[in-house]
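As structure tokens, the structure follows; a few thoughts come after it.
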Amino acid sequence: MQSEQAPATRLRLRRAWGAGTDEVDAEQVAAFIIDGDDASRGFLGVRLLTGRRVLGALVVRRRGPLSADERLVLFTVADMLAPPLRAAEYARRLESEVVERTMEIEEQRRFTAKIIDSLPVGLYVIDREYRIQAWNRKRETGMQGVSREEAIGRTIFEILHRQPAEVLRGEFEDVFRTGQMQQFQIDSSASGEKRTYRITKIPMRLDDTEVSHVITIGEDVTEWREAQEGIAQAEKLAAIGTLAAGVMHEINNPLATIGACAETLALTLTEEGITSPRLVGSLPESLQLIEHEVQRCKGIVDGVLDFSRPKKSARTLLDINGVLEKTLFLLKHHARFKKLNVQLEAQSPLPFVSASEEQLVQVVMALLINAMDAMHDRGTIVLRTRADVTRDVVITEVVDQGEGIRTADLPKIFEPFYTTKPPGRGTGLGLSICYSLVAENSGRIEVESVVGKGSLFRIVLPAVSSQPLRAAV
């Protein structure tokens, strides 16, 4: 008898020799296997061992005492039976595991195939001989569908005829050679209407060395493309509207200055008459300011008209301190600006910079107006200039005591159309324009800000090499 485990319920009679109706009691044999004692059990038993493991027992019904030779034969047979029984037991267990593992693999294969068949895209796989190894259910449907049974094992050139064979071969050869995924779109009218498909070819490696297969996925993206075109058109219209709003925003600043000058002249004329000394004295300056702001409006409009054919403004050698003085002169008639305290901390003399005066005035004015907005027309703005001899640059800083800018917003403030101002207070074009103008003059603009304490905008321009830098004082 053989036992995989000790309980009697697992004991089975493997082979019996001899005659008679007497049977060995299974419970007695089980007890013998456990304790090894066959005394008073009516049989002679030898346990079958492999190492310390008990495989079963060789049991002999005794009709009389066994001689020494008979007992030797019994023990020898037991020793001979143990290894084959162990091998047979291992083979049965291995066979059971193989069957179980095979069932798991087959179930996993069916599950994977179900996933591939459920994809809403056409998918097939070819090997290096261009023979089809996989063909999902989506490839079987539609007017151009080909059954899986017809496709598997045949070359892709025998199945697909929408493209010339050499073109299709070249696409696959590129993936096999480079090991890089390829993606492109094609238009097809095979279904009777024009459709757009996104084709993706993905390299596949079975042994992590060279590309052994190519997975091809075809997805109908007609609706997506039409939606993207609609979104692009809507974005163009929105950009035009935002650009128009930005132009108006930029023009409103010089118009406000012109309005303030005209209002001052009209009030003086009404109160004191045309012969008023104050009117006569302020008239030349006011007219000069109005003319300048009109020209500035014209420049803004011209800049928009030239947007599709941008051209660089003429550069001249400039003293940046003169640029600041001109900017402050233009802003002194601005009603909101009169409420602020402006501190000018200018290092002098400074090296020259090569830049467009008009563009730098526009940049500094925009930064000052932003500072006014951040401070709600109250507080102190510091305008500071200095030279950095170590970097051979001239630095202009505009420092406000406003609301500050959140850290999360800092990387985006120079992006076109991005603004943190409430509706109606800004379009997000001002800082973007400033960034572009400073870059056009070979400089850069930097920002530091702390929420609740204020912001610092820094314009850094290269010093002209022919103008030596002097140490800062």
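Label separation (R406 vs S282): 4.4 nm, computed from points 7 Å beyond Cα along the C-beta direction. Using a simple spin-label model with pseudo-atoms 7 Å out from Cα toward Cβ, K194 and K332 lie 6.4 nm apart.
Exceeding 23 Å between C-alpha atoms, which entries from my cross-link table qualify? They are K298/K332; K339/K412; K332/K453.
Values: K298/K332 21 Å; K339/K412 30 Å; K332/K453 25 Å.
Exceeds cut-off: K339/K412; K332/K453.
Model label sites at Q185 and V221, defined 7 Å from Cα along the beta-carbon direction, differ in position by 0.6 nm.
Sequence-ordered 3J(HN,Hα) estimates for the stretch 181-189 from the Karplus curve with 6.51, -1.76 and 1.60 and θ = phi - 60° stand at 5, 10, 9, 7, 10, 9, 9, 9, 10 Hz, glycine and proline given as x. The charge dipole of the stretch 119-220, taken about its Cα centre with unit charges on the Cβ atoms of Lys, Arg (+1), Asp and Glu (-1) only, comes to about 240 debye. Around the amide H of V342, modelled in the peptide plane, lie the amide H atoms of I381, all under 5 Å away and 5 or more residues distant in sequence or on another chain. Which residues' amide hydrogens lie under 5 Å from the amide hydrogen of S212, considering only partners 5 or more residues apart or on another chain, with H built in the peptide plane? Long-range HN contacts for S212: M204, R205, L206. When the GluC sites (Glu not before Pro) in the stretch 70-151 are filtered for DSSP coil states and for at most 11 other beta-carbon atoms within 10 Å of their beta-carbon, the remaining sites are E129. One decimal place: the segment D127-H161 gains 10.4 nm when fully extended, by the rule 0.36 nm per residue minus the C-alpha distance.
FYI, it's all coordinate maths here, none of it is from the lab. The structure displayed is predicted, hence computed values, not measured ones. Backbone-built Cβ (ideal geometry, glycine too); neighbour counts: all protein chains shown.
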